[in-house]
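Presented below is the structure to which this report refers.
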Amino acid sequence: MDMPPVPNDRGTAIEQDQFLTILSREEALARFEAVLFPRAMPSEERALSDALGLPLSRDIVAGIDVPPFDRSNVDGFAVRSADLVSASEAAPVRLALNDEIIACGTAPRLAVVAGTATTIATGGPLPRGTDAIVMVEHTQPAGHRAIDIRRAVSPGQFVSYAGSDIARGETVLRAGTVIGSREIGMCAACGIARVEVVRRPRVSVMSTGDELVQPGLPLRPAAIFDTNGAIVSAAIDENGGEAIFAGAIADDEAALEAVMRQALATSDMLVLSGGTSKGAGDVSHRIIGRLGNPGIIAHGVALKPGKPLCLAVCDGKPVVILPGFPTSAMFTFHDMIVPVLRRMAGLPPRSDAKVAAKIPVRIASELGRTEFVMVSLVEGAGGLIAYPTGKGSGAITSFGQADGFLKIDALADQMPAGTEAEVTLFTPHVRVPDLVIVGSHCTGLDLVTTPLAQAGLLVRTIAVGSLGGLSAAKRGECDLAPIHLFDEKSETYNTPFLGEGLELVPGWRRMQGIVFRDGDRRFEGLSPQAAVQAALADPSCIMVNRNQGAGTRILIDRLLGGARPDGYWNQPRSHNAVAAAVAQHRADWGMTIAPVARAAGLGFIPFAEEHYDFALVTARKRRPAVQAFLDALSSDRSRSALEQAGFSKA
Ligand code: AMP
Ligand code: MG
């Protein structure tokens, strides 16, 4: 690959400020691009059918006229216009028919002489002597060897002249044009079967980390699946590159360096993820300095998520280390790497579709960093509403639920509730959901909404907890809010929390109880009260609590009666986290719901039933999707599915 020489003075200056400065995203991108561009773009010849989506690397000039001959545009008769000057309704002109029919693809044999006409089909080449075509509809047969014509024609009528569409020597497509079906059509019309296009930049992708396992293989303890390898490879292919996935490499400096060198020798660009912070085992950025000049351009960019992004150029080739967290990797890739990749691929900048939407809740933001927040769109009374779906940079579920993202300026420390924000859509066509459920999530909910999805309804569930759901319902931003809120005063669930405009739809009951590992003698066969007493009596016993505000927490505090055993301050926010802590021996007991305990293979001592119900926005009750939900909820199918999963009837 031809590369312009890298300016050395710039390289030295940059080397000095790496690690010392966190650059703004604009400054980091500008420095990165200044070192990389302009650059030669390697090209290759491809079959037309194989060139879709690629930019032409040189102009395409027509080698023939299109059409290649004068051609009839209609079914009719080739005539001499001078013969028909006097033709009228009152005095039709009779022409003798020549003994020839010119179909598409037949070259004419006979000339049309004065007083004659030749039958011609649409697309047929004009015979010698003619200068116009009469449509068959404007003629009358006169025996089978002649026709009568009742109107005059002008010269050139219904004729497409040779080269009138594309003239030989004309530039039909300019270099840089991205080949789509229309461009393919133009080349095909000119008889062009192969084109010179910009070669897709070959981008080697590697994930780094001792903990990574490729999807499809068994997960070891403490390991996680490599998510970035798949995301980054797909995003490269989506943006004009050709991803070459080298797998996940362990945090071993020598091994990683060998793979990086090998990849750099055979590709145009390197994209790594992970190992870019300065933690133990983070080695990739140290290797870059040895791979070529000028090396690191920016390490640390004022982006959230994505601060540890590392941008480098090694002897003309970009080398990028994305942050390890998949959400951070995805955002930094799209924001900082896609512009560079597309330029290398000869593609125009991405044009993302954007919509305006109102923010229902205040979003806090870190001052000094450009922040990206994934949002999920729902239809509100006064237009679109954008719910933040992010759960922090480590969360991946937000991808599936999010329709797009919004950007909070580096100079803002928040986006106030009610802001009309610009949302960049992940795909140009956003389908606003038919049914919006905002509140506490339960695996039972999926069992009820499955038939709705099968019936073609788009159901969106946004997990914001019971209180968040209740506020959304009160603001009219959802159809239903699933809640499980315990009122200590009345000792009842949910009803006391409903306000005006909301009504209760009974859902199901979830048995809460104490979980422990099967076979743990301290708990087996005991009542909940006795089990907790046994736990308190054993100083080596560790508990896992729940977050303040959770209904489950109230039950735990009651059982503990003021005791604060080891593990009390470990307060995860979900039923599943409690089960995972006990299953993985990080704690010995906790309180969760029966289906979760069962799925985790834990022992379970039933304690109290939790009511999982729905706050229905009365004003939205008549909507067909809401009716469909209510029908599904009361159907035998859902009832038995819920029962089977361990939930009981309300
Ligand atoms: P690191 O930057 O290597 O310290 O990684 C930060 C976090 O992202 C850690 O929790 C890693 O386990 C996680 N991580 C790193 N690479 C990947 C990957 N390819 N897929 C999923 N998670 C990752
Ligand atoms: Mg790592």
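The values are calculated or read from the model by the stated rules, or taken from the named source; none is laboratory data. From a predicted model like this one, the values you see are computed outputs, not experimental measurements. So basically every Cβ, Gly included, is an ideal-geometry build from the backbone, and we count neighbours across all protein chains shown. Surface accessibility is based on the protein's heavy atoms, side chains included, excluding ligands, DNA and RNA. Shrake-Rupley method; radii C 1.70, N 1.55, O 1.52, S 1.80 Å.
The table that follows gives values for the structure above.
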{"item": "Count of the range 133-151 residues which are open to solvent by 90 Å² or more (accessible area, probe 1.4 Å) and part of a loop (DSSP other than H, G, I, E, B)", "result": "3"}
{"item": "Test set (1) of a type outside the set (Ser, Thr, Tyr); (2) in contact with a helix residue (DSSP H, G or I) (Cβ under 9 Å, 6 or more places away or on another chain); (3) away from ligand 2 (no atom under 15 Å from the Cβ); (4) under 17 Å from LEU36 (Cβ atoms) - MET330 fails condition number", "result": "(4)"}
{"item": "Any chance ALA534 is in contact with a strand residue (DSSP E or B) (Cβ under 6 Å, 6 or more places away or on another chain) and of a type outside the set (Phe, Trp, Tyr)", "result": "no"}
{"item": "Flag for THR122 being surrounded by 15 or more Cβ atoms within 10 Å (Cβ to Cβ), hydroxyl-bearing (Ser, Thr, Tyr) and either touching a residue at least 12 places away in the same chain (Cβ under 8 Å) or part of a loop (DSSP other than H, G, I, E, B) (or both)", "result": "no"}
{"item": "Residues (within 13 Å of ligand 2 (Cβ to nearest atom) and either assigned to a loop (DSSP other than H, G, I, E, B) or farther than 20 Å from GLY209 by Cα (or both)) located in the range 281-292", "result": "GLY281, ASP282, VAL283"}
{"item": "Residue within the range 309-317 that is surrounded by fewer than 18 Cβ atoms within 10 Å (Cβ to Cβ), under 22 Å from the mean Cα position of the chain (by Cα) and over 27 Å from ARG431 (Cβ atoms) present", "result": "no"}
{"item": "Subset tally (residues that are assigned to a loop (DSSP other than H, G, I, E, B) and over 30 Å from LEU264 (Cα atoms)) for the range 158-211", "result": "16"}
{"item": "Any hit, the range 227-245, residues being open to solvent by less than 50 Å² (accessible area, probe 1.4 Å), within 16 Å of ligand 2 (Cβ to nearest atom) and more than 26 Å from ASP268 (Cα to Cα)", "result": "no"}
{"item": "Qualifying positions in the range 313-325 - within 10 Å of ligand 1 (Cβ to nearest atom) and under 15 Å from ASP335 (Cα atoms)", "result": "ILE321, LEU322, PRO323"}
{"item": "Matching residues, the range 212-224, being under 27 Å from THR266 (Cβ atoms) and either within 16 Å of ligand 2 (Cβ to nearest atom) or crowded, with 20+ Cβ neighbours inside 10 Å (or both)", "result": "LEU212, VAL213, GLN214"}
{"item": "Boolean, GLY567 is open to solvent by 20 Å² or more (accessible area, probe 1.4 Å) and either charged (D, E, K, R) or not in a helix (DSSP H, G or I) (or both)", "result": "no"}
{"item": "Residue check, VAL340 out of contact with any helix residue (DSSP H, G or I) (no Cβ under 8 Å at 6 or more places or on another chain), more than 22 Å from GLY180 (Cβ to Cβ) and more than 16 Å from ligand 2 (Cβ to nearest atom)", "result": "no"}
{"item": "Index of the failed condition, ARG261 passing every other in (1) more than 16 Å from ligand 2 (Cβ to nearest atom); (2) open to solvent by 20 Å² or more (accessible area, probe 1.4 Å); (3) within 26 Å of the chain's Cα centre (by Cα)", "result": "(3)"}
{"item": "Where MET330 falls short, out of the listed (1) more than 12 Å from ligand 1 (Cβ to nearest atom); (2) open to solvent by 20 Å² or more (accessible area, probe 1.4 Å); (3) at pLDDT below 95; (4) not β-branched (Val, Ile, Thr)", "result": "(1)"}
{"item": "Any chance LEU29 is under 31 Å from the mean Cα position of the chain (by Cα), modelled with pLDDT of 95 or more and part of a helix (DSSP H, G or I)", "result": "yes"}
{"item": "Subset tally (residues that are aliphatic (A, V, I, L, M), more than 10 Å from ligand 1 (Cβ to nearest atom) and under 14 Å from MET330 (Cβ atoms)) for the range 232-248", "result": "3"}
{"item": "Restricting the range 293-312 to residues that are of a type outside the set (D, E, K, R) and not in a strand (DSSP E or B), the residue that is nearest to ligand 1 (Cβ to nearest atom)", "result": "PRO308"}
{"item": "The range 622-650 - residue that is among the basic types (Lys, Arg) and touching a residue at least 40 places away in the same chain (Cβ under 8 Å) and, of those, surrounded by the most Cβ atoms within 10 Å (Cβ to Cβ)", "result": "ARG623"}
{"item": "Candidate set from the range 174-225 (those that are among the basic types (Lys, Arg) and over 24 Å from the mean Cα position of the chain (by Cα)); member that is nearest to ligand 1 (Cβ to nearest atom)", "result": "ARG220"}
{"item": "For GLY468: the one exception among (1) assigned to a helix (DSSP H, G or I); (2) within 24 Å of SER648 (Cβ to Cβ)", "result": "(2)"}
{"item": "Scan of the range 480-515 for residues that are among the basic types (Lys, Arg), touching a residue at least 12 places away in the same chain (Cβ under 8 Å) and open to solvent by 10 Å² or more (accessible area, probe 1.4 Å), ordered by number", "result": "ARG509"}
{"item": "Sole residue being within 22 Å of THR332 (Cα to Cα), within 11 Å of ligand 1 (Cβ to nearest atom) and assigned to a loop (DSSP other than H, G, I, E, B), chosen from GLY275, GLY229", "result": "GLY275"}
{"item": "Scope the range 80-107; condition in contact with a Gly (Cβ under 8 Å, 6 or more places away or on another chain) and buried (at least 19 other Cβ atoms within 10 Å of the Cβ); matching residues", "result": "ARG80, ASP83, LEU95, ILE102"}
